[in-house]
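K.L.:
My structure is below; once you've seen it, I'll send some questions.
All of the numbers you see were taken from the coordinates with simple rules; none came from a lab. All values derive from a computational prediction rather than experimental measurement. Here Cβ is always computed from backbone atoms with ideal geometry, including for glycine, and neighbour counts include all displayed protein chains.
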Amino acid sequence: MPQKHWSQAQRLSRIRPLSDRFWSKVSKTEACWPWIGQLTKSGYGRIDMRPSPGVHFALFAHRISWEIHNGPIPNGLRILHKCDNPKCVNPDHLFIGTQLDNIADMVAKGRNVRGVKFSHAKLNAEKVIKIRELYKRGDRTMQILTYEFEVSRTLISKVISGKNWTHVPISTVNRSPEYLPT
Ligand SMILES: [Zn+2]
């Protein structure tokens, strides 16, 4: 996944400054600032970028908000919600953390209540299709899928690349648009 951040995307955006696009889709309230533009399947605000013909990726609105208010996000760090409202872009409701903080936060908020087992995989065709779909749509990173489906990262990677579960056909549609990490 490309590690673009918004200032780079800004240079790629020839139509309208990204900050203008951002503010035009924010509904400020006393508490959360819900994103009123497009959402990802997981409910995060997104801005679609088509910097040149055939190039299409999406930026997360809450990450853009963080960068507007706090500056660039160091590589590999995540922007998390204190308010557990994925479409909120209020900078006071956001905090920066690592992928492990992200997982700890998900567990704390009950999004993964069964705990994590990395023992031998229990996948079935239905789950394999789901994993491939979620990844392809850009709704999940491999890391998150690892926790969600309680299987090893290696297995997730093999399932996605089609090295495992070869009898379950892989759709030929590309993972699109590319999402940045949350
Ligand atoms: Zn909020």
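K.L.:
Taking the beta-carbon count within 10 Å as an exposure proxy, list L145, L123 from fewest neighbours to most.
P.N.:
L123, L145
K.L.:
Here's another thing I want to ask about it. Over 5 Å intervals from 0, what percent of Cα-Cα pairs in region 21-99 sits in each interval?
P.N.:
3, 16, 26, 26, 17, 8, 3, 1, 0
K.L.:
Would you mind computing, in nm to one decimal, how far apart the modelled labels at L77 and I129 are, each placed 7 Å from Cα along Cα→Cβ?
P.N.:
About 4.1 nm, to one decimal.
K.L.:
Rg and Dmax in Å for region 125-171, alpha carbons only: what are they?
P.N.:
9.3, 24
K.L.:
Using Cβ contacts closer than 10 Å as the measure, can you line up I129, I47 from fewest to most?
P.N.:
Details: I129 16, I47 21.
Exposure proxy ranking, most exposed first: I129, I47.
K.L.:
Still on this structure: Which value in nm describes the separation of the simple spin-label points at K122 and S161, placed 7 Å from the Cα toward the beta carbon?
P.N.:
2.7
K.L.:
Additional query: What number comes out for the charge environment of I79, summing +1 per Lys or Arg and -1 per Asp or Glu over other residues with Cβ under 10 Å away?
P.N.:
Charge balance in the 10 Å sphere: +1.
K.L.:
I've got another one for you. For the pair L100 and L39, how long in nm is the line joining their label points, each one 7 Å along Cα→Cβ?
P.N.:
It is 3.2 nm.
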